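Worksheet: one structure, shown below.
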Amino acid sequence: MSLSEQTKALTEKFISGLSQDEQTTVQGAFEEILQADFGMKALSVGDKAADFNLPNAKGGQTSLADLLDEGPVVLNFYRGGWCPYCNLEFKALCDAVPHIKQLGGSLVGISPELPDNSMQTAELLKLNFDVLSDVGNVVSRDYGILMNVPASMRPLYLKWGLDVPAVNGDDSWELPIPATYVIGRDGIITFAYINKNYTERCEPAEIITALEKMSVVA
């Protein structure tokens, strides 16, 4: 199954398990997100990628500049290890890492989770790429992909055990829009996938295609 098929199946299963009141709340919150202006000013193809220096799950620091010294970079902004859609995406990305490396690229994930929680995510899911902690969503804000969990959804999140403020170390309920960027060694974004519909994710094949095009140009 493609990643999109997997996420669609997950959504159908999730919705079918909700009460009618919960379905109404989720649908209303989802419409609120889609109608909001989140991501309208997001960095996109042709823009200079915003540099960063963030804690990684290994206890060190990782900067975009250092990554670009080694080759093109794939940035994956994800909501958190608690998000089932992110976990499906992680599996697909892990499978794509060898091909990404073969094309000279590297992959890093970025979320607002505290470093210890990012480390737990990496270990639990046995990720074969680095995940970085953007505490306070500073980098997400720089990339223009910040959004808020609708107030109507927050009690449900907590009911489901998804304590976003605790995981992120603040009470903002801010999350990045799931986004994937491919950045050339010159720091220019060559591919961008930004989608407020957090149940949909970039297919790894699109990332590979973007990297292959860069290889041809090079």
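The values are calculated or read from the model by the stated rules, or taken from the named source; none is laboratory data. Please read all numbers here as calculations on a predicted model, not as lab measurements. Every residue, glycine as well, gets a Cβ built from its backbone with ideal geometry; the counts of neighbours run over all protein chains shown.
Could you list, in sequence order, the residues of the range 122-147 that are more than 20 Å from residue 177 (Cβ to Cβ), out of contact with any Lys or Arg (no Cβ under 9 Å at 6 or more places or on another chain) and of a type in the set (Asp, Glu)?
Passing the criteria: only 123.
If you check every pair at least six apart or on different chains, which have Cβ atoms under 7 Å apart with a residue in the range 26-48 that is within 30 Å of residue 159 (Cβ to Cβ) first and a residue that is of a type in the set (Gly, Ala, Ser) and crowded, with 17+ Cβ neighbours inside 10 Å second?
Close Cβ pairs (under 7 Å, with a partner that is of a type in the set (Gly, Ala, Ser) and crowded, with 17+ Cβ neighbours inside 10 Å) amount to 39/144.
Output the qualifying pairs, or none if there are none: Cβ atoms under 7 angstrom, residues six or more apart or on different chains, first residue in the range 173-191 and in contact (Cβ under 8 Å) with a residue 60 or more places away in the chain, second residue of a type in the set (Lys, Arg).
Every condition considered, the pairs that remain are 175/79; 176/79; 177/196; 178/79; 178/201; 187/48; 188/48.
So, of the residues in the range 117-145 that are among the hydroxyl-bearing types (Ser, Thr, Tyr) and at pLDDT 95 or above, which turns out to be farthest from residue 195 (Cα to Cα)?
It comes out as 133.
Of the numbered conditions (1) in contact (Cβ under 8 Å) with a residue 60 or more places away in the chain; (2) part of a loop (DSSP other than H, G, I, E, B), residue 92 fails exactly one; give the number of that condition.
It is condition (2) that residue 92 fails.
Look through 72, 84, 98 and report the one residue that is over 18 Å from residue 42 (Cβ atoms), surrounded by fewer than 18 Cβ atoms within 10 Å (Cβ to Cβ), touching a residue at least 12 places away in the same chain (Cβ under 8 Å) and not acidic (Asp, Glu).
It is 84.
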